[in-house]
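Trainee: Here it is: the structure, laid out below.
The values are calculated or read from the model by the stated rules, or taken from the named source; none is laboratory data. The shown structure was predicted, so the numbers you read here are calculated from the model rather than taken from an experiment. In this analysis, Cβ positions are derived from the backbone assuming ideal geometry, glycine residues included, and neighbour counts consider all displayed protein chains.
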Amino acid sequence: MAETTNWAFPENLQPKSEDVRFDLEAALDAVVLLRAEIPEDAFTASILGTERAGNGVVIREDGLILTIGYLITEAQTIWMTTNSGAAVAGHPLAYDQATGFGLVQPLGRLKAPALQRGSTKGSAVGDDVIVIGHGGRSHALSAKIIAKREFAGYWEYVLDEALFTAPAHPEWAGAALVGEDGKLLGIGSLLVQESVEGETVQGNMIVPIDPLAPILDDMLTLGRANRPPRAWLGMYTTEANGQLVVAGLADGGPADVAGVRPGDLVLEVAQERVTTLPELFRKVWRLGPAGTEIPVTVARDGAPVRVRIRSADRNAFLKKPQLH
């Protein structure tokens, strides 16, 4: 999540206006540099840092910015910079933990064009796309969709279908994924390694834009989607050698309080076997919303240990934004 620098993609990797069927310059100018400062005592400070930088995308004429939520979680101060050099403060308006989307409301006029939202329903593996970071054409990358599949992250996060693109954009956080029609297809989230035809390539995981439409009004009015908060365990779990391993715990989180330990192997949820991250998280969520007691069986030193974890709303642990 480094700040924009003077680097540039090689000319052959940059998109060209004559090769696309839309206003490339307008699309480039719709992506802004986003910097956020987070208090040192914030819940996410130790994991995500106190100074975060990435990108945001203007999605409405009033300047509303769509970004990836981890950039603005618990943000105390946000500044956005356009390609023309204008800098405007912003307010962290909303964060939806289920999708990963974050919204920022500029506190002044950005004077940047809005990028129209599209849909990934018609997109396919092999499609040409452009991944755009702040900084104009030299920070835009001609890429291809290399996969469309489920994605699960150790922080208790599952997308039914994520997009994966290659080559990788080095400033992926909040970057815009633009399709051949010039519309926004998704928001950059991660740097990943994918297997393509037997070879491992670096690419980006992109959160598809489609899940935004059903929750956008809620996010604007409530600051989050209008649904019961998901049960959160604060248990950072990874898949290793066919096993689910507790790699870490959120300090003071539900699993930590219940006595789960790093190194435990997760075997069951409510006495049902779990073998993959998506399976683990979905079984937890099916038991009920935040506050539900979750029975979990782990293996510790070769012996089964049963714990009952009183789940929580992850949002309750986060510092809330203050409008200055």
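Trainee: Exactly one of these conditions fails for Gly223: (1) small (Gly, Ala, Ser); (2) at pLDDT 95 or above; (3) on the phi > 0 side of the Ramachandran plot. Give me its number.
Mentor: All conditions pass for Gly223, except number (2).
Trainee: Scan segment 154-176 and give yes if some residue there is buried (at least 16 other Cβ atoms within 10 Å of the Cβ) and at pLDDT below 95, otherwise no.
Mentor: no
Trainee: In segment 7-61, what count of residues is obtained for those that are of a type in the set (Gly, Ala, Ser), closer than 21 Å to Ala166 by Cβ and within 17 Å of the chain's Cα centre (by Cα)?
Mentor: So the answer is 1.
Trainee: In addition: Has segment 238-255 got any residue that is touching a Leu at 6+ places or on another chain (Cβ under 6 Å), outside any strand (DSSP E or B), surrounded by 14 or more Cβ atoms within 10 Å (Cβ to Cβ) and at pLDDT 95 or above?
Mentor: yes
Trainee: Sticking with this structure for a sec: Within segment 85-92, identify whether any single residue is within 30 Å of Arg314 (Cα to Cα) and either crowded, with 21+ Cβ neighbours inside 10 Å or out of contact with any strand residue (DSSP E or B) (no Cβ under 9 Å at 6 or more places or on another chain) (or both), and answer yes or no.
Mentor: Yes; the residues of segment 85-92 include at least one that is within 30 Å of Arg314 (Cα to Cα) and either crowded, with 21+ Cβ neighbours inside 10 Å or out of contact with any strand residue (DSSP E or B) (no Cβ under 9 Å at 6 or more places or on another chain) (or both).
Trainee: Same structure again: Is it the case that Glu150 is buried (at least 18 other Cβ atoms within 10 Å of the Cβ) and either at pLDDT 95 or above or β-branched (Val, Ile, Thr) (or both)? Before you say what the answer is, go through the steps one by one.
Mentor: Details: buried (at least 18 other Cβ atoms within 10 Å of the Cβ): no; either at pLDDT 95 or above or β-branched (Val, Ile, Thr) (or both): yes.
So Glu150 fails the test.
Trainee: Looking at segment 1-57, which of its residues are outside any loop (DSSP other than H, G, I, E, B), surrounded by fewer than 20 Cβ atoms within 10 Å (Cβ to Cβ) and among the charged types (D, E, K, R)?
Mentor: Correct list: Glu11, Glu18, Asp19, Glu25, Glu37, Glu51.
Trainee: Picking from Val207, Val196, Val201, Val246, which residue would you name as being in contact with a Pro (Cβ under 6 Å, 6 or more places away or on another chain) and not charged (D, E, K, R)? Give the steps one after another, and end with the answer.
Mentor: On the way: Val207 fails: in contact with a Pro (Cβ under 6 Å, 6 or more places away or on another chain); Val196 fails: in contact with a Pro (Cβ under 6 Å, 6 or more places away or on another chain); Val201 fails: in contact with a Pro (Cβ under 6 Å, 6 or more places away or on another chain).
Answer to the check: Val246.
Trainee: Next question, about the same structure. Return yes when Leu233 is touching a residue at least 60 places away in the same chain (Cβ under 8 Å) and closer than 24 Å to Pro92 by Cβ and no when it is not.
Mentor: Considered against the rule, which asks whether it is touching a residue at least 60 places away in the same chain (Cβ under 8 Å) and closer than 24 Å to Pro92 by Cβ, Leu233 comes out as no.
Trainee: Suppose the filter is in contact with a Leu (Cβ under 6 Å, 6 or more places away or on another chain), outside the structural domain of Gln105 (by TED's automatic domain parsing) and in a strand (DSSP E or B); does Ala299 pass it?
Mentor: Yes: the conditions hold for Ala299.
Trainee: Answer yes or no as to whether Phe164 is outside the structural domain of Lys16 (by TED's automatic domain parsing), touching a Gly at 6+ places or on another chain (Cβ under 6 Å) and under 24 Å from Leu277 (Cα atoms).
Mentor: Here the answer is yes, as Phe164 does meet what is asked.
Trainee: Can we say Ala89 is touching a Phe, Trp or Tyr at 6+ places or on another chain (Cβ under 7 Å) and not assigned by TED's automatic domain parsing to the domain that holds Gln202?
Mentor: Yes.
Trainee: Follow-up question, since we're still on this one. Is there a residue being in a strand (DSSP E or B), outside the structural domain of Leu163 (by TED's automatic domain parsing) and surrounded by fewer than 14 Cβ atoms within 10 Å (Cβ to Cβ) anywhere in segment 262-275?
Mentor: yes
Trainee: Hey, which of the strands (runs of 3 or more DSSP E) in segment 112-223, taking only ones fully inside, have at least 3 residues that are touching a residue at least 40 places away in the same chain (Cβ under 8 Å), hydrophobic (A, V, I, L, M, F, W, C) and farther than 20 Å from Ala8 by Cβ? Give the steps one after another, and end with the answer.
Mentor: Numbers: elements: 128-132, 140-153, 157-166, 176-178, 184-196, 199-208.
Hits in segment 112-223: 140-153, 157-166, 184-196, 199-208.
Trainee: Among the residues of segment 212-224, count how many are under 24 Å from Ala255 (Cβ atoms) and crowded, with 19+ Cβ neighbours inside 10 Å. Break it down stepwise before answering.
Mentor: Taking segment 212-224 first, the residues under 24 Å from Ala255 (Cβ atoms) are 224.
Narrowing the set further to residues that are crowded, with 19+ Cβ neighbours inside 10 Å leaves none.
Residues flagged as under 24 Å from Ala255 (Cβ atoms) and crowded, with 19+ Cβ neighbours inside 10 Å within segment 212-224 amount to 0.
Trainee: Same structure again: With the requirement that a residue be of a type in the set (Val, Ile, Thr) and closer than 22 Å to Thr238 by Cβ, what does segment 269-319 give you?
Mentor: Passing the criteria: Val269, Val274, Thr275, Thr276, Val284, Ile294, Val296, Thr297, Val298, Val305, Val307, Ile309.
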